[in-house]
Amino acid sequence: MKILVLGAGAIGAYYGARLLQAGASVSFLVRSARAGQLRAHGLHVHSELGDFHGPVDVVEAGGALPAADVVLLACKTYDLPEAMRSIAPAVGPHTAILPFLNGMQTYDLLDAAFGKAQVLGGVAYIAVALQPDGSTRHLGAADRVVLGARTTQLQLLADDLYGLLARSPGLRAVDQDIVQQLWNKWVMLCSGAAVTCLLRGSIAQILATAHGRGLVEAALAECLQVSRAEGHPLAPEAVAQIRGLLLNPASAWKASMARDIDAGMAKLEADGIVGDMLVRAARHGVAAPTLQAAYAHLQVYLQQAA
């Protein structure tokens, strides 16, 4: 299988390496600075599940793109419009796009640009970070990928891609209702990002405050209301899993967007993660004051960081 990975940041580098180990033909579409780094030093991934180090095929943005069976999108949501322009020459009539991006706005944009029949659904539960030397570090050992076809046309390809990924370490699954899986993660991430960004702390730190638990409960309840209004209510076991993460007083977890704030990043996935949830809340008349406060905070931060 020929796979083009858009981006060689933490997610793209990690799963590109795993796909190479599984036997795929993988090319990385990257900007010139990253291309030079990869050509000079190769791709390095450090993980408890097994390291990867070796040369990789690199294509610079703006250059001729190889034919691909699958394009793996591993960028931030704010880079998606540019990413879609970059991959367009590689997307033929039988090419599938697999986004590892959070939220449903991603799918609205990709469907409008390429057609729903060419866009797979994908969810990655993993914590990885790009290091100053250009290597990727897997934080912990958790690595779970769920993918699936959103249309019948992509079912065979989804099964083939799952079979390929299943040769790599980590938990792999294919789901017939991948859209629900996308909502499950978005509800978890949006509610968790809202509180960890707004309060600038980990779940453990938030729950140790006088009113922290109530704020977490409120953010989660608002997201769950939106998911129901959109026709994708979460099953009780999915809600229990989210509560187990977000209401665990010993959890050091914070959303990656909160870590980006800690690092002083000038760009955040505020619109795709929290902002779009609020758009959908307004569409259905769902009150979401906790999410509104978090989104206002994110917007102020971005003004200051600009």
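Quick check, is MET277 open to solvent by less than 60 Å² (accessible area, probe 1.4 Å) and not polar (S, T, N, Q)?
Numbers: open to solvent by less than 60 Å² (accessible area, probe 1.4 Å): yes; not polar (S, T, N, Q): yes.
Taking the combined requirement at face value, the residue satisfies it.
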Taking the conditions exactly as written (of a type in the set (A, V, I, L, M, F, W, C), in contact with a strand residue (DSSP E or B) (Cβ under 8 Å, 6 or more places away or on another chain), touching a residue at least 24 places away in the same chain (Cβ under 8 Å) and open to solvent by less than 10 Å² (accessible area, probe 1.4 Å)), does ILE126 satisfy them or not? no
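Could you list all residues from segment 17-32 that are more than 20 Å from ALA88 (Cβ to Cβ) and crowded, with 23+ Cβ neighbours inside 10 Å?
Applying the first criterion (more than 20 Å from ALA88 (Cβ to Cβ)) to segment 17-32 yields 17-25.
ALA17, ARG18 - these are the residues of segment 17-32 that are more than 20 Å from ALA88 (Cβ to Cβ) and crowded, with 23+ Cβ neighbours inside 10 Å.
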Of all residues making up segment 214-239, the number that are farther than 19 Å from HIS297 by Cβ and open to solvent by 60 Å² or more (accessible area, probe 1.4 Å): 5
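Find the helices (runs of 4 or more DSSP H) located wholly in segment 227-306 whose residues include 3 or more that are within 16 Å of MET104 (Cα to Cα) and modelled with pLDDT of 95 or more, and list them.
On the way: elements: 236-246, 256-262, 276-283, 289-305.
In segment 227-306, 276-283 are the helices (runs of 4 or more DSSP H) which contain 3 or more residues that are within 16 Å of MET104 (Cα to Cα) and modelled with pLDDT of 95 or more.
Name the residue that is nearest to PRO99 (Cα to Cα), counting only residues in segment 262-274 that are open to solvent by 10 Å² or more (accessible area, probe 1.4 Å) and not basic (Lys, Arg).
GLU269
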So which residues in segment 59-108 are assigned to a helix (DSSP H, G or I) and buried (at least 17 other Cβ atoms within 10 Å of the Cβ)? THR77, ASP79, LEU80, ALA83, MET84, SER86, ILE87, ALA90, GLN105, THR106, TYR107
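Take the conditions touching a residue at least 12 places away in the same chain (Cβ under 8 Å) and in contact with a helix residue (DSSP H, G or I) (Cβ under 6 Å, 6 or more places away or on another chain) and apply them to LEU4. Does it pass?
Values: touching a residue at least 12 places away in the same chain (Cβ under 8 Å): yes; in contact with a helix residue (DSSP H, G or I) (Cβ under 6 Å, 6 or more places away or on another chain): yes.
Yes, satisfied.
The values are calculated or read from the model by the stated rules, or taken from the named source; none is laboratory data. Just so it is clear, the structure is predicted and the values come from calculations on it, not from any experiment. Here Cβ is always computed from backbone atoms with ideal geometry, including for glycine, and neighbour counts include all displayed protein chains. In case anyone asks, the SASA skips ligands and DNA or RNA and just uses the protein heavy atoms, side chains included. Shrake-Rupley method; radii C 1.70, N 1.55, O 1.52, S 1.80 Å.
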